[in-house]
1. Give the value in nm², to one decimal: projected area of the alpha carbon convex hull of the stretch 5-121, averaged over all directions.
2. Kindly put Glu16, Glu111 in sequence by how many other C-beta atoms sit within 10 Å of each C-beta, fewest to most.
3. Quick one: putting +1 on the C-beta of Lys and Arg, -1 on the C-beta of Asp and Glu, what dipole do you get for the stretch 5-121 around its Cα centre, in Debye to the nearest 20?
4. For Ala112 and Ala77, compute 0.36 nm times the residue count separating them, minus their Cα-Cα distance, and round to one decimal in nm.
5. Quick one: His129, His101, His78, fewest Cβ neighbours within 10 Å first, how do they rank?
6. So for each of 26-35, 39-48, 55-64 I average, over its residues, the number of other beta carbons within 10 Å; can you give me the resulting order with the highest mean first?
7. Hey, can you grab everything whose amide H is under 5 Å from the amide H of Ala65? Only 5+ residues off in sequence or another chain; H modelled, so Pro and N-termini drop out.
8. Quote to one decimal, in nm, the extra length available between Glu37 and Ala146 on full extension: 0.36 nm per residue of separation minus the C-alpha distance between them.
Amino acid sequence: MSVACKFERSILNHEEYEAIRLTHHPAIYDVEVAELEAMRPRLRKMRDKERTVGRHKQRESRGKADARGTSFPGTAAHASERKQVFAAALKRVNTELRRQHNLAARTAHVEAARKASRCTGPRTSRPIHRPEPPRAKAWRRSRANAVEKSLQARKSGGCRSRRRSLRPCATRGGHDLNKRT
């Protein structure tokens with residue numbers, strides 16, 4: 001669930017809020033990648049601390065743990081809200097780092113493609129090879145085979161004449177027409 005900036009300011013102290021403030025929309029784009037990388041472990045540490053405090057407060061409220069001391073005022077809900085703020089900030093930092101990484105990778109790929117296109121020379125000097133789809137290739141092959149078989153059949157006298165010579169004629173008493181008597 002998103003949390004308003006005013007609410008973040010109300011539940012965090014000044015140092016924590018300054019760390020969180022840099023992770024919001026307009027400010028995060030001005031932060032360098034190295035700073036974001038350094039910010040990530042600090043935010044994780046703050047989130048983990050609040051998670052631990054919140055769990056301990058829950059155990060206290062159920063009566064399963066002793067009080068931790070007077071330095072942690074508030075309820076388990078207060079620690080949970082603070083943890084949510086740190087988790088959201090960490091998520092924003094991770095998203096921005098991923099975006100920066102993808103941008104750098106895309107730029108490198110574009111530069112490599114441009115370099116490769118400069119190395120090959122002008123495209124008009126050689127024909128462009130576009131492979132045919134598999135169905136078109138199979139159709140052309142089967143069509144070529146059919147044409148070849150029909151030419152062979154014409155040369156051999158057709159398949160009917162071959163069939164006549166191999167089977168006996170039923171109308172003439174089982175004699176073959178092509179047989180000379």
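Taken together, the values in this text are just the output of simple stated rules run on the coordinates, not laboratory data. This structure is a prediction, so every number in the text was calculated from the model and none was measured. Quick reminder, even Gly has a Cβ in these numbers, built from the backbone with ideal geometry, and neighbours come from all protein chains shown.
1. Working: hull surface 38.3 nm².
Mean orientational projected area (the stretch 5-121, Cα hull): 9.6 nm².
2. Details: Glu16 20, Glu111 10.
Fewest to most other Cβ atoms nearby, the residues stand as Glu111, Glu16.
3. Values: 26 positive and 15 negative charges, 109 e Å.
It works out to roughly 520 debye.
4. Here the segment from Ala112 to Ala77 would lengthen by 7.4 nm.
5. Values: His129 5, His101 11, His78 16.
Lowest count first: His129, His101, His78.
6. Details: 26-35: 10.8, 39-48: 16.1, 55-64: 13.7.
Put in order of decreasing packing, that is 39-48, 55-64, 26-35.
7. Excluding prolines and chain starts, which carry no amide H, the hits are Glu60.
8. Numbers: separation 109, 0.36 × 109 = 39.24 nm, distance 6.67 nm.
That pair, Glu37 and Ala146, stretches by 32.6 nm at full extension.
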